[in-house]
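Participant: My questions will all concern the structure given below.
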Amino acid sequence: MKAQVWTIENCPYCVRAKKLLDLKGVEYKEMSGFHPDWKSVPYIILDGEPIGGFTELARFLRNS
């Protein structure tokens, strides 16, 4: 599994998302700033599929 993660500095949910991806062994590329399709950060895409933010990522990984 590979991910893209859009983040900004000093974002606690961005830090949590990256730690969760590290914990699950998911490789990711960090992108700086906001994704045009999402109004907040983090925004995560896994294997080309838009997941959403931290809450959606946690739910997705828990159910997979």
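The values are calculated or read from the model by the stated rules, or taken from the named source; none is laboratory data. Being a predicted model, the structure only gives us computed values, none of them experimental. Virtual Cβ from ideal backbone geometry, glycine too; neighbours counted across all protein chains shown.
Participant: Could you give me the residue pairs with C-beta distances under 9 Å whose first residue belongs to the stretch 31-45 and is touching a residue at least 12 places away in the same chain (Cβ under 8 Å) and farther than 14 Å from residue 56 by Cα, whose second residue is among the aliphatic types (A, V, I, L, M) and outside any loop (DSSP other than H, G, I, E, B) wherever it lies, and which are 6+ apart or on separate chains?
Facilitator: As it stands, the answer is 31/5; 35/45, since those pairs meet every condition given.
Participant: Which condition does residue 19 not pass, out of (1) modelled with pLDDT of 95 or more; (2) in contact with a strand residue (DSSP E or B) (Cβ under 9 Å, 6 or more places away or on another chain), if it passes all the others?
Facilitator: Of everything listed in (1) modelled with pLDDT of 95 or more; (2) in contact with a strand residue (DSSP E or B) (Cβ under 9 Å, 6 or more places away or on another chain), residue 19 misses just condition (2).
Participant: State whether one or more residues within the stretch 40-53 are within 9 Å of the chain's Cα centre (by Cα) and assigned to a helix (DSSP H, G or I).
Facilitator: no
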